[in-house]
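Structure record follows, encoded as structure tokens.
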Amino acid sequence: MSGAPAERRGRGRIAWGAAVLRGYVRIGFVRKSQFRWEFLNQVLMDVCFYVSFVLTFDILYGLGADGARLTLAGWDHASMRVYLGFAFVADALAMTFLGQQWHFGADLKNGHLDPFRVKPGPTAFLYFFQRFSPEGLTNLVIASSWLAYALWAMGPGGPSGAQWFLLPVALTVVAFSQVFLTMAYNAVELWVLNSDLGHIASMLLSNLGERPLEVYPRTLTRVLLFVAPVGALAWYPSSLLLGRIDLAMAAGYPLVLVAFAWAVSRIFRRGLRNYESAMG
Amino acid sequence: MSTGEPGADEVVLAARRVGKVFKTFERAPGVLGVLRNFVARKEIEVAALADIDLVIRRGETVGLIGANGAGKTTLVKILTGIVPASSGEARLLGRDSFQLTDEEKRRLALVMGQKSQLWWDLPPIDSFQLLREIYSIPEECFRERVAAFTRMLDVEDRLKIQLRQLSLGQRMKMEIIGAFLHDPEVVFLDEPTIGLDLVSRETIRGFLVKLAEERGVTFVLTSHDLEDIEETCRRIVVLDSGRVAFDGDLDGLSRRVSGQRAVEVHVDPGAQLDEARLAEVLRQHGGEVGSRAADAVTILVPAEGIRGLMPALFDALPVRDLSVERQPLEHLVREIYSSSERSGAALPRSDEVEST
Amino acid sequence: MTALPLRVPRLILRSAGYEMRKRIQFRTGFFVREVLFGTVEPLIMLFVYGALYASAGGGDVVLGGWTFDEILRYVAGLLVVRKLIFHNRGIELSTEIFEGRVTKYLVMPLRYFTLLQGRFLQYTLLQVVIAGLVWAAGYGLVGDRWLVPVSPTAACQALVLVLMGSYCCFLLYFVINALAFWLDVVWSLLVMSWFLVNFTGGGAVPVSQMPEGLQRIFCALFPYWTITAPIELVMGRLETADFQRGVVVLALWLLALECLRRLVWQRGLARYVGAGM
Ligand SMILES: Nc1ncnc2c1ncn2[C@@H]1O[C@H](COP(=O)(O)OP(=O)(O)OP(=O)(O)O)[C@@H](O)[C@H]1O
Ligand SMILES: [Mg+2]
């Protein structure tokens, strides 16, 4: 009857996703034309966050001013700036596209997942991307500028050809893993409703990932690389660009991330069985 | 109409022994209670549905009714795949409801009176645009449908106002438009008329009836307003405490419980009633006096007897005014509830399981 | 009306009891939040410092006036102190303003602020116990490498500073929450203020390890006297004279913030009632 084939003709899944995402971005802007103060506040907040990080490491590396050349497990000040650059970009990406995650617990409790369950398309995709944030985008610009600055400050002449080639790859990895990490944190909420566990896991793990993973004990480093791979957000991309990892790791790690993404999708989908909805 | 035209009696929706059990924790009151909850919580199982069997074919319009807490919403949520059934099997468009693919979801729509599927801080038109992307609706169809539906529901001038600034009725109409934009084959409406005024309700009913006729939409409607059901649905399913207490067409329902009509006769003021003749007429046509007032008498009569009774009444009494009413559905439903209680169909409400 | 003086403390106690109940209602959340909150960041900081000192040669290197051993004890102190500082989750004023629920307090025989003070008291009492437990657990685990107060007096002085500072935070959060009378959204301001308090107080790097210029500025702010200073008192790096200076600085801040609070609350409320909410 309905759904005449013409309506769906020639639309691949990717094209569909892009169209929906575009729709979400559009309503993000429509929505934001109203709260101007909030916009400023949130941008300021993230700038504060960036500055406190940059300043902290400036102070720490500055402690070596009287002679000692300080590093953090091999990361000198200049490479640390790049590391922070990726950490900021990862954070801003989440802010921009995945802001809805902070409401997931409450939405589960109040049964607000219902409309997304009956719509075509993956529930998680429709749900998590629905709150595009223009202020996040502003922060993304700021964070990217910092990353660019850090890369240029690495040496005379700016990034090498290889780095130019690897940068988009690295950013893709960051975006990809940020999406599935977000899903992973929130999947926890599906299993242990009302616990805030997902929220806390998210804050905790991203916090850990914002420092070079080598400073932690070996086991913890492995966990952060292979179990809850926050290493994909800053550690892997900066190590890749700065040539700090061997070829096997450089090529193999994305596979780990794909496996992680697959597992998370499975777990999330399974967790939806625990959704009880509410009201009605 | 889609390719490979399915038969008119294609089964759209089938539930087989569907049951649903919710687990909740009991919160003990007071400080001590809180501490106790902290260590060991009492788990309670609430059986919301049990052994629901239901088959709905293409084009059917089904009214789902039942008292508060009977399980209507839960059943709708299971059938649409929002929550899984705890037991039994629910199938929609030939697939397990909880495993619907995008293909089936595109043919499905859900309207919930209690919840908004549109974005509350956006004007409806923006939400519709988004739905257009999600359901991949072609631009021309989209524009046509928005125009036609807003005209039918009389909300053309409200498209650009934020949803939260609309009145309840306007919002509900927008929800309904949003649900029909992608031209779904099966539509579930859970209390779409809750809190609406008479005019809005009638507009919505008219809209549903028209779409059901023109496009052959199959829909399942729940409402506490039986008039909604009467006007829009041909088949009725009554849920009582999580079980199907009645399933059949509307007329069948009337017949099953009672085929009575109530005839209210007003006579000229002060006129003397010929009691003997009245008794004679009633005897002939199988009626009886239901109640009497100063210058009026209400006669109850089986529906078949009504044809003969009317002329006889005019002959026998100084009739000034007369009205015939079907026994309202409300009474019938109440009778169904009480009869199913008598037969002990009600579920045991909960069993308690101690857990640590 | 003679009962009034008695009634206020009783009301504060009762609201404290109610808050307590609310807090332990969701058990998993409670454990995770209370145990992890404020624990992870100091630990991460310790790892970072470990790597930094190792790269400088390890052993007894002194960086910015601090040896690694001292940093270790500083982090221990941080773990305890962070448990004591009031955080903004305790005030829901901005939500109440948004939802128009503030007017109901105007008809109560008790000022809204008193209610929040009850909350502060409850929080502080519970957190002093928790901080004690954290300290004891740490001491049990690592013994003398843990932060052991040089004297009971120092410990008491430190506690006084932390609690005064915590009250400053409480007032600050109240003021920011009350900005909701004018602004649509204040949570980002709250988060930002926590960043600032944490950073200027020494939550990421001890203030006395920072460059001279920053030190001089931060010493005039209350967060320094709430975080770094008390820990250094306990470690014996600061003395009674510093404590006295801290009390004066904090008292001035308390006064200023209290004035600000009154101003903002009165102005805001006038606006609120004026708008007919
Ligand atoms: N998420 C849930 N958790 C626990 N119990 C639930 C849940 N949802 C529904 N129930 C219980 O299941 C039963 C059926 O609820 P349901 O919402 O389906 O009733 P309903 O027929 O829609 O009622 P109403 O007419 O009031 O909307 C009720 O006893 C309700 O308390
Ligand atoms: Mg219901």
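The values are calculated or read from the model by the stated rules, or taken from the named source; none is laboratory data. As the structure is a computational prediction, the values presented were derived from the model and not from experiment. Neighbour counts run over all protein chains shown; Cβ positions are idealised from the backbone, glycine included. These accessible areas exclude ligands, DNA and RNA; they are computed on the full protein's heavy atoms, side chains included. Shrake-Rupley method; radii C 1.70, N 1.55, O 1.52, S 1.80 Å.
Worth pointing out:
- Among the candidates A:244, A:269, residue that is part of a loop (DSSP other than H, G, I, E, B), at pLDDT below 95, out of contact with any helix residue (DSSP H, G or I) (no Cβ under 7 Å at 6 or more places or on another chain) and more than 16 Å from ligand 2 (Cβ to nearest atom): A:244
- Selection within the stretch B:206-220 - more than 14 Å from chain A (Cβ to nearest Cβ) and either open to solvent by less than 10 Å² (accessible area, probe 1.4 Å) or within 16 Å of ligand 1 (Cβ to nearest atom) (or both): B:207, B:208
- When residue B:195 is tested against the conditions (1) surrounded by fewer than 17 Cβ atoms within 10 Å (Cβ to Cβ); (2) free of Cβ contacts under 8 Å to residues at least 24 places away in the same chain, the lone failure is (2).
Residue by residue, here is whether (1) crowded, with 17+ Cβ neighbours inside 10 Å; (2) not aromatic (Phe, Trp, Tyr) holds:
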site	(1), (2)
C:189	yes, yes
C:196	no, yes
C:199	yes, no
C:202	yes, yes
C:218	yes, no
C:224	yes, no
C:229	yes, yes
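- Top-ranked residue of the stretch B:117-128 - restricted to ones that are touching a residue at least 12 places away in the same chain (Cβ under 8 Å) and surrounded by 20 or more Cβ atoms within 10 Å (Cβ to Cβ), ranked as farthest from ligand 1 (Cβ to nearest atom): B:123
- Residue A:275 vs. criteria within 16 Å of ligand 1 (Cβ to nearest atom), within 14 Å of another protein chain (Cβ to nearest Cβ) and surrounded by 16 or more Cβ atoms within 10 Å (Cβ to Cβ): yes
- Any chance residue B:101 is out of contact with any Leu (no Cβ under 9 Å at 6 or more places or on another chain) and either more than 23 Å from residue B:191 (Cα to Cα) or free of Cβ contacts under 8 Å to residues at least 60 places away in the same chain (or both): yes
- Any hit, the stretch C:44-56, residues being at pLDDT below 75 and within 14 Å of chain A (Cβ to nearest Cβ): no
- Those helices (runs of 4 or more DSSP H) lying entirely in the stretch B:138-231 with at least 3 residues over 21 Å from residue B:104 (Cβ atoms) and within 16 Å of ligand 2 (Cβ to nearest atom): none
- Here residue B:150 does not fit the description of being away from ligand 1 (no atom under 16 Å from the Cβ), within 30 Å of residue B:227 (Cβ to Cβ) and touching a Cys at 6+ places or on another chain (Cβ under 8 Å).
- Verdict on residue C:157 being in contact (Cβ under 8 Å) with a residue 24 or more places away in the chain, in contact with a Leu (Cβ under 7 Å, 6 or more places away or on another chain) and open to solvent by 10 Å² or more (accessible area, probe 1.4 Å): yes
- Any hit, the stretch B:26-48, residues being of a type in the set (Gly, Ala, Ser), at pLDDT 80 or above and away from ligand 1 (no atom under 11 Å from the Cβ): no
- The lone exception for residue A:132 - which of (1) in contact (Cβ under 8 Å) with a residue 40 or more places away in the chain; (2) under 15 Å from residue A:242 (Cα atoms); (3) of a type in the set (Phe, Trp, Tyr) it fails: (2)
- Sole residue being farther than 30 Å from residue B:75 by Cβ, among the hydrophobic types (A, V, I, L, M, F, W, C) and either open to solvent by 10 Å² or more (accessible area, probe 1.4 Å) or away from chain B (no Cβ under 14 Å) (or both), chosen from A:104, A:97, A:125: A:97
- Residues that are polar (S, T, N, Q), crowded, with 24+ Cβ neighbours inside 10 Å and away from ligand 2 (no atom under 16 Å from the Cβ) within the stretch B:77-116 comprise just one, B:97.
- Taken together, the criteria place residue A:204 among residues that are free of Cβ contacts under 8 Å to residues at least 12 places away in the same chain and within 12 Å of another protein chain (Cβ to nearest Cβ).
- Within the stretch A:53-64, residues that are farther than 16 Å from residue C:41 by Cα reach partners that are surrounded by fewer than 17 Cβ atoms within 10 Å (Cβ to Cβ) with beta carbons closer than 8 Å, at six or more positions or on different chains, in the pairs A:59/C:211; A:59/C:214; A:61/A:76; A:62/C:211.
- Subset of the stretch A:199-223 [in contact with a strand residue (DSSP E or B) (Cβ under 9 Å, 6 or more places away or on another chain) and buried (at least 19 other Cβ atoms within 10 Å of the Cβ)]: A:211, A:212, A:215
- Looking across the stretch B:53-76, the residues that are under 12 Å from residue B:246 (Cα atoms) and more than 16 Å from ligand 2 (Cβ to nearest atom) come down to B:53, B:54.
- Failed item in (1) within 15 Å of the chain's Cα centre (by Cα); (2) open to solvent by less than 10 Å² (accessible area, probe 1.4 Å); (3) not acidic (Asp, Glu), with residue B:244 passing the rest: (2)
- Scanning the stretch A:23-61 for residues that are farther than 23 Å from residue A:81 by Cα, crowded, with 17+ Cβ neighbours inside 10 Å and among the aromatic types (Phe, Trp, Tyr) returns A:24, A:39.
- Residue among A:268, A:226 that is touching a residue at least 12 places away in the same chain (Cβ under 8 Å), surrounded by 17 or more Cβ atoms within 10 Å (Cβ to Cβ) and more than 11 Å from every other protein chain (Cβ to nearest Cβ): A:268
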